[in-house]
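The values are calculated or read from the model by the stated rules, or taken from the named source; none is laboratory data. Keep in mind the model is a prediction, meaning the values are calculated, not measured. Don't worry about glycine lacking a Cβ; one is built from the backbone with ideal geometry, like all the others, and counts go over all protein chains shown. All accessible areas refer to the heavy atoms of the entire protein, side chains included, with ligands and DNA or RNA removed. Shrake-Rupley method; radii C 1.70, N 1.55, O 1.52, S 1.80 Å.
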Amino acid sequence: MSGYFAADSIVVRAMRQRAVGLSWGQRALVVGGLHPRLFVGTAQHTAHRATPYTRLALTARLMETVFLGTKEEADRALEFTAKRHVPVEGTMEVDGGPHHPAGAPYSALDPGLMWWTAAFALDSVEFMYDALVRPLRPHEREELFDGFVTWAVLFGMPAEAAPASYPDFRRRFDAWLVSDEPHLVEEARLVGRNIAGTSGYRLPGGPLTSETLRTVVQGSLPPVVREHYGIDWSSADEARWRAVRSASRLAHGRLSLLGPTPLLRGRSERFYQVVQRGEQSLVRRGGVSIPGVSDVTPA
């Protein structure tokens, strides 16, 4: 049974790359943490404050299902998300800077905020594919953009909320990133730094897996984002990132000639579930996922 997106479309091919599927979500969350209304609106209504990695894994699974699943699977994911979004409405309880002061309204059904959600995902999928698989061609960037607009519309966004074209998206997104609008509230700073690996990952596979993912996530961040979070980045860090990036591109370029490569391609939902189970096991043992966030009860 087919899905909403053609199997040979660039958006499906990108999302099926394991290197993309296992990294774009962390990067999107860290960069997206700079949008105060988007972050605070989600944080104030989440049922997973004690288990933020579970929320990240659930979000990634829902997004992946719409892109890669059958229409029946996608429709279930869309219905589930729509129900979760109904109560997400309110006002900023903390100050998010001059563009997002305390008391500013937010809603999961705000067309502008819906596009920003898609924009952070699109930017990260595009970047990770470029860095870890191969550089996209100009027409593929346009097609990837169109795919994310379609995806956002499936989630309920009016089509006119999106930029008119990929160049328009790129210009607006890049200009926003270096403007005075991005702002970190304290919770976003704590969550983003932890997701980026400053406090160490608790992932299956041991230190090598954790260190590699830390290098990939932090290396992929624009320097201005690392500056916002206060993430140090040395020449040695940059050398490791370049080495990981080169090795990943080489593997994808060579192994694609050898037929099916399940380790490099396919749906990543099982990996998301492993991370989710690991965090939940930690919490059951009395551990804290992100100190200062997971162990704080909101007022």
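Collect the residues in the range 117-143 that are in contact (Cβ under 8 Å) with a residue 60 or more places away in the chain and in a loop (DSSP other than H, G, I, E, B), keeping them in residue-number order. Once the filter is applied, which keeps residues that are in contact (Cβ under 8 Å) with a residue 60 or more places away in the chain and in a loop (DSSP other than H, G, I, E, B), the range 117-143 yields Val133, Arg134, Leu136.
Among the residues of the range 70-109, those that are closer than 28 Å to Val12 by Cβ, out of contact with any helix residue (DSSP H, G or I) (no Cβ under 7 Å at 6 or more places or on another chain) and modelled with pLDDT of 90 or more comprise Thr70, Lys71, Glu72, Asp75, Arg76, Glu79.
When you look at Val20, is it under 15 Å from Ala60 (Cα atoms), modelled with pLDDT of 90 or more, open to solvent by less than 10 Å² (accessible area, probe 1.4 Å) and of a type in the set (A, V, I, L, M), yes or no? The answer is yes for Val20.
Among the numbered conditions (1) more than 28 Å from Ser179 (Cα to Cα); (2) of a type in the set (A, V, I, L, M); (3) modelled with pLDDT of 90 or more, the only one that Leu58 does not meet is (3). When Tyr129 is tested against (1) modelled with pLDDT under 95; (2) touching a strand residue (DSSP E or B) at 6+ places or on another chain (Cβ under 8 Å); (3) closer than 30 Å to His252 by Cα, only condition (1) is not met. For the condition without any contact (Cβ under 8 Å) to a residue 12 or more places away in the chain and either surrounded by fewer than 17 Cβ atoms within 10 Å (Cβ to Cβ) or touching a Leu at 6+ places or on another chain (Cβ under 6 Å) (or both), Asp110 does not qualify.
Screening Arg37 on (1) open to solvent by 10 Å² or more (accessible area, probe 1.4 Å); (2) out of contact with any Pro (no Cβ under 9 Å at 6 or more places or on another chain) shows it passes everything except condition (2).
For the residues Gly192, Gly197, the requirement of being among the small types (Gly, Ala, Ser), in contact with a Lys or Arg (Cβ under 7 Å, 6 or more places away or on another chain), within 30 Å of Leu282 (Cβ to Cβ) and open to solvent by less than 60 Å² (accessible area, probe 1.4 Å) singles out Gly197.
Number of residues in the range 91-107 that are in contact with a strand residue (DSSP E or B) (Cβ under 8 Å, 6 or more places away or on another chain) and not small (Gly, Ala, Ser) equals 4. Among residues that are part of a helix (DSSP H, G or I) and surrounded by fewer than 19 Cβ atoms within 10 Å (Cβ to Cβ), Glu64 is not included.
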